[in-house]
1. Which one of the conditions (1) modelled with pLDDT of 95 or more; (2) under 23 Å from the mean Cα position of the chain (by Cα); (3) small (Gly, Ala, Ser) does residue 333 fail to meet, given that it meets all the rest?
2. Restricting attention to region 62-108, and to residues there that are assigned to a loop (DSSP other than H, G, I, E, B) and of a type in the set (D, E, K, R), which single residue is surrounded by the most Cβ atoms within 10 Å (Cβ to Cβ)?
3. Exactly one condition in (1) closer than 23 Å to residue 39 by Cβ; (2) surrounded by fewer than 18 Cβ atoms within 10 Å (Cβ to Cβ) is false for residue 402; which is it?
4. Among the candidates 125, 191, which residue alone is loosely packed, with under 14 Cβ neighbours inside 10 Å and of a type in the set (Lys, Arg)?
5. What is the number of the single condition among (1) surrounded by fewer than 19 Cβ atoms within 10 Å (Cβ to Cβ); (2) assigned to a loop (DSSP other than H, G, I, E, B) that residue 319 does not meet?
6. Criterion first (among the hydroxyl-bearing types (Ser, Thr, Tyr) and farther than 27 Å from residue 314 by Cβ) does residue 95 satisfy it?
7. Are there any pairs, at least 6 apart or on different chains, whose C-beta atoms fall under 8 Å, with the first in region 421-437 and in the same structural domain as residue 241 (by TED's automatic domain parsing) and free of Cβ contacts under 8 Å to residues at least 40 places away in the same chain and the second outside any loop (DSSP other than H, G, I, E, B) and surrounded by fewer than 18 Cβ atoms within 10 Å (Cβ to Cβ), and if so, which?
8. Going by the conditions given, is residue 425 crowded, with 21+ Cβ neighbours inside 10 Å and modelled with pLDDT of 95 or more?
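The values are calculated or read from the model by the stated rules, or taken from the named source; none is laboratory data. Predicted model only: the values in this text are computed from it and were never measured. All Cβ positions, glycine included, derive from the backbone under ideal geometry; neighbour counts span all protein chains shown.
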Amino acid sequence: MAQAFLKLGCEQLLIRPLAENQDNEKNQIYLGYNHGFIGLLPGTVSFRGPSGSTRKPGSNSGKSIIETALPFSWINEEEEPALAPHAKIIDYFQYPEMRFSGFMQGCSNPPDALRRNHQDEYGRRVLVLGYTAAAVFGTVITDRKSTFVDQLLALPSWSIHELFKVHPLVKNSLIDPSLLLTELREVGGGRKFKGQKLEALGTKPKPFSGTQAAGWTLESILEIPMNSKSGPDKYGFELKTFLRNKITLMTTEPDFGYRHDDGLTSFLEKYGWDGTKNDGSLRFNGKHNTLRVYEKSKLQLRILNWDKQKNEPDGKGDPNVVLINPLKPNEIAAGWTFNKLAEKWGRKHAGAMYVQATRYETITKRGIPSFTYGPEVHCGRGTSPIYLLRAIASGYIYLDPGDRVYLKVTEDAKNDEKKRTQWRVDKQRGVPLANSLSALYDELKTYQI
């Protein structure tokens, strides 16, 4: 069994003992409530409005849900994986609980042991899952067809989700913060490192002094090349540095609204302002949040279909984020769909390390700066797009753009457009930075390096 998963590229197995009278295609498979688990799996996240059903006892009428559609296949010995095209994990965030659903619908060869009318014939049943960056695979081991159910149940519990046992297939495949913390402690302790960036593995780092130097230098030291991949940086964790009390979480471009439809130049001509250096540029920047209108742009963030009192979706439609002038609410300057934000936030931030950094300039301030790292590292595990929206609604997360366009391209301004849509979190007045970060995760711990 393990070899079949290994051949498919899986690095570890997750084992879930199934309930005797539940966990079937009718009742769905119960997964508790753990975003650290779901964040590791590849999938497409979407928001689904409330069901209108009132016929079934305990129906989900009036409750919105989040679905993660999985690229899921069942595997059997000596057979090709059988795609289950409707497999998904449903996040009933109001209860809260998660369930695995649709795993047999449309599948040519699903496990018979998961049929409600047949499950009693198989004795104990164990769900075994493996995953890669692009796919999830599963099988069901039972007493009827196997002799090693006891061995599976004796495996150690998974540190991320207590409902699962875990079995690593390759070295260092477990998602364990201690691995990355060990490397960070070798970097900490006041050691200074010259600014640099690593463009590709196997190449020599290059000196670098730009605004991203603190993060790129740390990644270079840890042999993480510059990337914009959707997955985490190392050992299952996204790596972030912060010089003061402000952290850039992601740079996600809008996918609807005026800026998306008409382009950056038209957007800046309508909502931007002249650059302060009189260089013929238009700029758009400043802290835009849900708490107040930004005076210079007259714009403010809002979340559509959002219940401010409960700080959750109101069930009337997708909770999309928009940048608008409150006096012209039907005119969307820029907008981000729930699906887009969930896609960019989810898997990359399921586990994250936020590393404190200090920058040291050269005497002339034109040379390559140096950096030290620590002493604090904040480790967040398990997140949800609902956590992200709640933080935006509360003002913890805000839009801090750095857009620019040169209306007349000159030798000094060769790149006429620059898009920089930064989503940031910072320290609230009188409150530690960790408090703002904790709103984004199931668990946040602070370590010293």
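1. With respect to (1) modelled with pLDDT of 95 or more; (2) under 23 Å from the mean Cα position of the chain (by Cα); (3) small (Gly, Ala, Ser), residue 333 is out only on (2).
2. 63
3. So the condition that residue 402 fails would be (1).
4. 191
5. (1)
6. So residue 95 fails the test.
7. Short answer, once both residue conditions are applied: 428/435.
8. Criteria not met by residue 425.
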